[in-house]
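Heads up, the thing below is written out as C-alpha cells.
The values are calculated or read from the model by the stated rules, or taken from the named source; none is laboratory data. As the structure is a prediction and not an experimental result, all values here were calculated from the model. So basically every Cβ, Gly included, is an ideal-geometry build from the backbone, and we count neighbours across all protein chains shown. When the accessible area is computed, the model is the full protein with side chains, heavy atoms only, and any ligands, DNA or RNA have been set aside. Shrake-Rupley method; radii C 1.70, N 1.55, O 1.52, S 1.80 Å.
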Amino acid sequence: MDDELPRALAERGALLDGHFRLSSGRHSDRFVQKFRILEDPAIVERLAATLADRAREFAPTVVVSAAVGGIVLGYETARQLGGGFKAIFVEKENGVPALRRGFALGPGDRAFVVEDVVTTGGSVREVLEVVRARGATVVGVGVIVRRQPSDFGVPTIALLDLPVVSYDPAECPQCANGEPITEPGSRFLAR
Ligand SMILES: [Zn+2]
C-alpha cells in the first residue's frame with residue numbers, strides 16, 4: 001500500500017502540483033486536497049483497514065477524530081476494528097474543541113485518534129486534550145498523510161510522509177518565474 005498510495009492519491013486529484021498559497025501565507029508547489037480521498041469510499045476503506053490493523057496492537061476501545069474530515073475516516077476505522085467499536089468526534093463548541101452529541105468517553109477508555117492530513121498537528125493535539133480531559137487514555141494516533149514531523153507523545157502511524165516544502169513569497173522560485181498562483185481556500189476546498 002505504501003508504494004501505491006502516492007499514485008492512488010494523485011489519480012484522485014488529492015495530490016496537486018502547482019503554485020499554491022497556503023493558509024500560512026507561504027507558497028508551495030504541492031497541495032493535498034484531502035476530500036478527494038475522503039469522498040471515495042473505496043480508498044477510505046483501504047486506508048482505514050491499514051490503520052485498524054496497526055491500531056490493534058495498542059488495544060484501543062474507541063476511535064476518536066476531529067470534525068469534519070476525520071468523521072469519515074474515524075467511522076470506517078472503527079467499523080474495521082470490529083464489533084463494539086464506536087467512532088466519536090471532537091468539534092468546536094463556541095470556538096472550543098469539545099465532545100458534543102452525548103458522546104460517552106471516560107476513564108477506562110483507550111482512544112485511537114485518527115486524522116486525515118496532519119501539518120502542524122494542531123487539530124490532533126486538540127483531540128488529545130479533549131480525550132484526556134475526560135480521563136481517557138490516548139493509546140496512539142493514525143494519520144493518512146503527514147506533512148511535517150509531529151511528536152504527539154504517543155505512538156503515531158502515518159501511511160504517507162509527504163514533507164511540505166514552502167517558501168516565503170519573496171523567495172518563491174515559482175513567483176520568480178512569474179507563474180500564476182492558486183489559492184486553495186475554503187471555496188476551492190469545498191469546490
Ligand atoms: Zn510563489
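List of remarks:
- Cβ-Cβ under 6 Å pairs, at least 6 apart or on other chains, the range 62-84 side among the polar types (S, T, N, Q), far side at pLDDT 95 or above and not in a helix (DSSP H, G or I): Ser65/Phe89; Ser65/Val114; Thr77/Val63; Thr77/Val114
- The residue list Gly106, Gly121 contains one member that is under 24 Å from Phe58 (Cα atoms), out of contact with any Pro (no Cβ under 6 Å at 6 or more places or on another chain) and modelled with pLDDT under 95, which is Gly121.
- Taken as a whole, the range 158-167 holds no residue that is within 16 Å of the ligand (Cβ to nearest atom), free of Cβ contacts under 8 Å to residues at least 12 places away in the same chain and either on the phi < 0 side of the Ramachandran plot or not acidic (Asp, Glu) (or both).
- Filtered residue count, the range 121-160, keeping only those that are under 14 Å from the mean Cα position of the chain (by Cα) and either within 18 Å of Leu73 (Cβ to Cβ) or surrounded by 17 or more Cβ atoms within 10 Å (Cβ to Cβ) (or both): 23
- Filtered residues of the range 109-156 (kept if among the β-branched types (Val, Ile, Thr) and assigned to a loop (DSSP other than H, G, I, E, B)): Thr119, Thr120, Val154
- Residues within the range 79-96 that are open to solvent by less than 90 Å² (accessible area, probe 1.4 Å), out of contact with any Ser or Thr (no Cβ under 7 Å at 6 or more places or on another chain) and not aliphatic (A, V, I, L, M), tallied: 8
- The range 79-108, subset touching a helix residue (DSSP H, G or I) at 6+ places or on another chain (Cβ under 8 Å) and not in a strand (DSSP E or B), residue farthest from Ile157 (Cα to Cα): Leu105
- Residues of the range 168-178 satisfying the condition of being surrounded by fewer than 18 Cβ atoms within 10 Å (Cβ to Cβ) and either more than 19 Å from Leu15 (Cα to Cα) or more than 11 Å from the ligand (Cβ to nearest atom) (or both): Asp168, Pro169, Ala170, Glu171, Pro173, Cys175, Ala176, Asn177, Gly178
- Listed by position, the helices (runs of 4 or more DSSP H) inside the range 1-73 whose residues that are within 13 Å of the chain's Cα centre (by Cα) and either more than 16 Å from the ligand (Cβ to nearest atom) or at pLDDT 95 or above (or both) number at least 1 are 35-38, 41-55.
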